[in-house]
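Accompanying notes for the structure given below.
The values are calculated or read from the model by the stated rules, or taken from the named source; none is laboratory data. Predicted model, so just to flag it, every value in this text is computed and none were measured. All Cβ positions, even for glycine, are placed from backbone atoms using ideal geometry, and neighbour counts span all protein chains on display.
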Amino acid sequence: MKQNLTKKISTHILLILSVLIISLPVILALIISTQTEAQVLSYPPGLVPGTNAVNNYKAAWNGVNLGRMLFNSTVIAFGVIIGKVSMSLLAAFAFTHFEFKGKNFLFGIILVTLLLPVPVRIVALFDVVRSLHWIDTYAGLTIPFWASATSIFILIQRFKTVPAELIDASKMDGCHPMQYFFKILLPLTKSTIGALVVINFIYIWNQYLWPLMATNSRDMRVVQIGIKMLMSTESSNNWGVIMAGVVITMIPPLLVFVVMQESFMRGFALQSEK
């Protein structure tokens with residue numbers, strides 16, 4: 001009995017220490033965002049909240065028009081999620097439920113694109129977007145991210161776990177392929193879709209290089225560029241203001257994760273069971 005209790009206490013202490021170590025950068029950002037410039041630069045550094053939180057957050061919000069950037073990043077993130085998940089679902093459905101000439105070859109080409117991340121093809125991508133006059137537009141910031149080999153691959157693996165008997169039963173009931181897709185397949189894939197939504201939202205939210213190249217006006221900038229702009233303005237030495245901006249930009253991804261947490265965990269649990 002004592003051994004079990006000791007083991008539980010040790011496990012909880014280890015978990016608490018692990019969480020504190022992982023959360024330390026966020027905790028420090030929160031603390032620094034409330035401190036004055038003098039408190040941030042003091043030695044030894046103060047690890048208690050300061051008294052300048054309101055001024056820091058106001059300066060971060062108004063200094064680079066962070067509200068407009070939050071709006072842009074939110075529109076872009078949801079635009080990418082809708083387009084990417086929709087295209088990935090349809091592609092995965094085609095690869096798993098239909099037979100057509102060259103299917104394996106096409107799937108191989110899709111997997112090869114995993115070897116070509118955005119920084120590798122960014123110059124060619126920029127030329128295409130510029131020729132379409134999509135610079136400084138939401139289309140130029142969202143559509144290039146719609147194709148996703150990773151999402152297609154994950155959904156294909158999920159679709160393969162759906163019993164074949166369901167397909168046969170739907171055919172006997174006179175169910176059209178798209179009716180089967182919307183009424184049977186999508187409800188069974190909700191958790192995986194939720195996991196993809198969270199992953200892709202965070203991925204797009206953290207994009208810096210492509211939005212920097214594909215935008216010219218301040219009104220189309222995104223939050224990651226906003227943080228860099230805070231570091232390049234008169235607030236460059238005031239880390240309280242910079243960390244306040246960082247904390248503000250962390251809120252939307254955190255809200256998405258909290259709302260989609262159950263689907264996110266279920267989606268990964270289903271993947272790990274295979």
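Screening the stretch 200-227 for residues that are polar (S, T, N, Q) and within 21 Å of Val128 (Cβ to Cβ) and picking the one that is surrounded by the most Cβ atoms within 10 Å (Cβ to Cβ) gives Gln207. Does Phe100 satisfy the condition of being under 23 Å from the mean Cα position of the chain (by Cα) and among the aromatic types (Phe, Trp, Tyr)? No: the conditions fail for Phe100. Looking for something among the polar types (S, T, N, Q) and more than 30 Å from the chain's Cα centre (by Cα) - is there at least one such residue anywhere in the stretch 44-63? Yes; the residues of the stretch 44-63 include at least one that is among the polar types (S, T, N, Q) and more than 30 Å from the chain's Cα centre (by Cα). Any residue at all in the stretch 153-175 that's within 29 Å of Val258 (Cα to Cα) and hydroxyl-bearing (Ser, Thr, Tyr)? Scanning the stretch 153-175 turns up at least one residue that is within 29 Å of Val258 (Cα to Cα) and hydroxyl-bearing (Ser, Thr, Tyr).
Where residues in the stretch 47-75 are more than 21 Å from Ser217 (Cα to Cα) and without any contact (Cβ under 8 Å) to a residue 12 or more places away in the chain, which of them is surrounded by the fewest Cβ atoms within 10 Å (Cβ to Cβ)? So the residue we want is Val54.
Screening the stretch 211-274 for helices (runs of 4 or more DSSP H) wholly inside it with 1 or more residues that are closer than 23 Å to Leu24 by Cβ, at pLDDT 90 or above and among the hydroxyl-bearing types (Ser, Thr, Tyr) returns the ranges 239-259.
For the stretch 181-190, the criterion of being among the hydrophobic types (A, V, I, L, M, F, W, C), in contact with a Phe, Trp or Tyr (Cβ under 6 Å, 6 or more places away or on another chain) and more than 30 Å from Thr96 (Cα to Cα) is satisfied by no residue at all. When the residues of the stretch 147-180 are filtered to those that are of a type in the set (A, V, I, L, M, F, W, C) and farther than 17 Å from Ala94 by Cα, the one that is modelled with the highest pLDDT is Ala169.
Counting only helices (runs of 4 or more DSSP H) wholly contained in the stretch 109-199, the ones carrying 3 or more residues that are surrounded by 12 or more Cβ atoms within 10 Å (Cβ to Cβ) and in contact (Cβ under 8 Å) with a residue 24 or more places away in the chain occupy 122-131, 138-142, 149-159.
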